[in-house]
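**Student:** Dropping a structure here in structure tokens format, bear with me for questions.
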Amino acid sequence: MNQPQRKPLLGCIADDFTGATDLANNLVRAGMRTVQIIGVPEDEAAAVEADAIVVALKSRTIAPTDAVAQSLAALRWLRAQGVQQVYFKYCSTFDSTPEGNIGPVTDALLDALSDLPQSGFTIACPAFPENQRTVFNGHLFVGEQLLSDSGMRNHPLTPMTDANLVRVLQLQTKHKVGLVAHDVVAKGAHAIRERFAVLQAEGIRIAVVDAVSNADLMHLGAALQGMPLVTAGSGVAIGLPQNWPSIERRAAVARADTLPPAAGLRAVVSGSCSQATNAQVLHFKRSGRPSFAVDPLAIAAGDDLVGEALAWAARHVSDGPVLVYATAESAAVKDVQAQLGVARAGEMVEQALSNIALGLVERGVRQLVVAGGETSGAVVRELNVRQMSIGPQIDPGVPWTAVQSPACAGETLHVALKSGNFGTADFFTKAFDRLEAA
């Protein structure tokens, strides 16, 4: 007799591709068998055998109405899978504009889940202490700096100039936003739930929650048991699997992060202009490894940068990892944007880098690191990847994955999608060592 299919417990909607793998990484580390889906599957009846499903969208910086539509489509598909809880994942630096998209998507998901018990209330918590993202008194810190004092204040698409998350979110949502302060969180799950009840009685439907340690995330995770909708960065995922004891038992007997053995050539494609990625590009270059810079102004002038990059890579890639990058300091980025326009500059770079990534894979690269959320989305779509298996962690928030692509039909392609702000300075070289060791 066939065993009944195990329905997924947790259904996740991520607003970009690196954020999706970041979330999936934390779930896998906690023992949840996790599948990442690229975009919303067309077949609502298609069943996925996993404990958690992460639907990766590219909705962080699109128009709010489009972000809402895509997120609701993902929700419908996840509910058809039978998930018990929904998780809307955004960046640990709360990347958004005064118009959204975090608030509008949260509002739409709350409305869509209003038929469920305990609906009508949710949290907002981008904290990820392992990556130095903490929330205290409702303010988001990056390391020891307020978000508004960090490099995120110069982000080309979503500059974050206010660290007060209650204030930032209140501008985006139609609901009242409150706070669960750290003195409550430190007392544990019961105290957190009591604070939720007080806030709801005051007409508040979204609560920013403080968290400065993994212990806080574990307290919060227990308090979220049964809540239909959770909105957060990836850190809160650390505390959720404890609500399903069967996950912990399975984690004790089997690793959830096993991937097929890696082979083939190695390359890095980097489009992020964050401080962390700039440091990683510099480290790679100073180590003496070959690198090729993609100049947006040259692309605009009609130069075949894609062809040049692939011809250059063909001369070097057999000797070890190569780097193709459009990463630059903020002053240089602003100069390019002033000449080409923000949207045009971004689109040209994304298209060029995704075409280069495709060409590299077609030429034998089977281990590929991609830096930057927008770049990762463009590359995954160019490679026509539909599903990702989550593997071992390289740095907090960044795992290796295994995928299939028509560009290397029949062979496994290992891909690491790195958020621009994540990873140590030696990340690009360390990533390949980690995969080899695994």
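Each value in this text was obtained by applying a stated rule to the coordinates, not by laboratory testing. Predicted model only: the values in this text are computed from it and were never measured. No Cβ is skipped: glycine too gets one built from the backbone with ideal geometry, and neighbour counts run over all protein chains shown.
**Student:** Sorted by average packing, counted as other Cβ atoms within 10 angstrom per residue and highest first, what order do 177-190, 271-284 take? Can you show the working numbers first?
**Tutor:** Numbers: 177-190: 18.6, 271-284: 22.3.
Answer by packing, highest mean first, reads 271-284, 177-190.
**Student:** By average Cβ neighbour count within 10 Å, what is the ranking of 211-217, 337-343, 394-400 from highest down?
**Tutor:** Sorting 211-217, 337-343, 394-400 by mean packing, highest first, produces 394-400, 211-217, 337-343.
**Student:** Skipping prolines and chain starts, which residues have an amide H placed within reach, meaning under 5 Å, of the one on residue 207, given they are 5 or more residues away or on another chain?
**Tutor:** Those lying under 5 Å, H to H, from residue 207 are 122, 123, 124, 178.
**Student:** Pairs of Cα atoms under 8 Å, at least six residues apart: use those to get the relative contact order of region 379-438, whole percent.
**Tutor:** Averaging sequence separation for qualifying contacts and normalising by length gives 29 percent for region 379-438.
**Student:** Report the net charge of residues surrounding residue 104, where surrounding means a beta-carbon distance below 13 angstrom and charges are Lys +1, Arg +1, Asp -1, Glu -1.
**Tutor:** Computed value for this residue: -3.
**Student:** Next question, about the same structure. Under a point-charge model restricted to the Cβ atoms of Lys and Arg (+1) and Asp and Glu (-1), what is the dipole moment magnitude of region 1-130 relative to its Cα centre, in debye to the nearest 20?
**Tutor:** 400 debye
**Student:** Still on this structure: Of 230, 177, 208, which is farthest on the positive side of the dipole of region 177-236, counting Cα position, with +1 on Lys and Arg Cβ, -1 on Asp and Glu Cβ, and the Cα centre as origin?
**Tutor:** It is 230, whose Cα lies furthest towards the positive end.
**Student:** A follow-up question, please. For the chain, what does the relative contact order come out to in percent, with C-alpha contacts under 8 Å and a separation of six or more?
**Tutor:** Over the chain, the number comes to 18 percent.
**Student:** If each residue of separation counts as 0.36 nm, what is the full-extension length gain between residue 437 and residue 279 once their alpha-carbon separation is subtracted? Each step should come with its number before you reach the end.
**Tutor:** Values: separation 158, 0.36 × 158 = 56.88 nm, distance 2.43 nm.
Difference between extended and current length: 54.4 nm.
**Student:** Please work out the Cα center distance from region 23-83 to region 139-166, rounded to the nearest Å.
**Tutor:** Going from one Cα centre to the other spans 27 Å.
**Student:** Give the relative contact order (percent, whole number) for region 185-229; include only Cα pairs under 8 Å separated by 6+ residues. Before the final figure, lay out the partial values.
**Tutor:** Numbers: 26 pairs, mean separation 25.2, N = 45.
It rounds to 56 percent for region 185-229.
**Student:** If you fit an axis through the alpha-carbon atoms of helix 330-340 and take the longest principal axis of the Cα set of the chain, what angle between them do you get, 0 to 90°, nearest 10?
**Tutor:** In the chain, helix 330-340 runs at an angle near 80 degrees to the longest axis.
**Student:** Further question: For residue 187 paired with residue 225, estimate the spin-label separation in nm (one decimal), with each label point 7 Å from Cα along the Cα-to-Cβ line.
**Tutor:** Going by the 7 Å Cα→Cβ label model, 1.9 nm.
**Student:** Take every DSSP beta bridge with both residues inside the chain and express the antiparallel ones as a percent of the total, to the nearest 5.
**Tutor:** Once the DSSP bridges in the chain are tallied, antiparallel ones form about 30 percent.
**Student:** Okay, next question. Rounded to the nearest 500 deg cm²/dmol, what is the calculated helix-only ellipticity per residue at 222 nm for the chain, with -39500 (n - 2.57) per DSSP H run of length n ≥ 4?
**Tutor:** -11500 deg cm²/dmol
**Student:** Then there is this: Which value results for Rg/Rh of the chain when Rg is the Cα radius of gyration and Rh the Kirkwood radius based on the inverse mean 1/r?
**Tutor:** Reported Rg/Rh (Cα atoms, Kirkwood Rh): 0.96.
**Student:** Can you list the HN-Hα couplings for region 101-109, worked out from phi with the Karplus curve (6.51, -1.76, 1.60; θ = phi - 60°), rounded to whole Hz and with x for Gly and Pro?
**Tutor:** Each residue's phi maps through the Karplus curve to give 9, 5, x, x, 5, 4, 4, 5, 5 Hz.
**Student:** Pop a pseudo-label 7 angstrom from the Cα along the beta-carbon direction at both residue 157 and residue 145 and give the gap in nm to one decimal.
**Tutor:** Spacing of the two 7 Å Cα→Cβ label points: 2.1 nm.
**Student:** If we count GluC sites (Glu not before Pro) as exposed when they sit in a DSSP loop and have at most 13 other beta carbons within 10 Å, what is the longest stretch of the chain that avoids them all?
**Tutor:** 203-328
**Student:** Also: Using only the C-alpha atoms of region 1-115, find the volume of their convex hull and express it per residue in Å³.
**Tutor:** Taking only Cα atoms, region 1-115 has a hull volume of 101 Å³ per residue.
**Student:** Loop-only check: which trypsin sites (Lys or Arg not before Pro) in region 204-298 are DSSP coil with at most 11 other Cβ within 10 angstrom?
**Tutor:** Of the trypsin sites (Lys or Arg not before Pro), the ones in loops of region 204-298 whose Cβ has at most 11 other Cβ atoms within 10 Å are 255.
**Student:** Give the long-range amide H neighbours of residue 394: residues separated by 5 or more places, or on another chain, with amide H under 5 Å away, using H modelled in the peptide plane at 1.01 Å from N.
**Tutor:** 400
**Student:** Separate question: Working from Cα positions, state the angle (0 to 90°, nearest 10) between the long axis of helix 214-223 and the longest principal axis of the chain.
**Tutor:** So the inclination is approximately 50 degrees.
**Student:** Charges at C-beta only: +1 for Lys and Arg, -1 for Asp and Glu. How large is the resulting dipole of the chain about its Cα centre, in Debye rounded to 20? Each step should come with its number before you reach the end.
**Tutor:** Details: 35 positive and 42 negative charges, 167 e Å.
Rounded to the nearest 20 debye, it is 800 debye.
**Student:** Here's another thing I want to ask about it. Report the paramagnetic label zone for residue 174: residues of region 52-88 whose backbone N is under 20 Å from a point 7 Å from Cα along the Cα-to-Cβ axis.
**Tutor:** 63-76, 88
**Student:** Hey, what angle do you get for helix 342-362 against the long axis of the chain, alpha-carbon based, 0 to 90 degrees rounded to 10?
**Tutor:** 70 degrees
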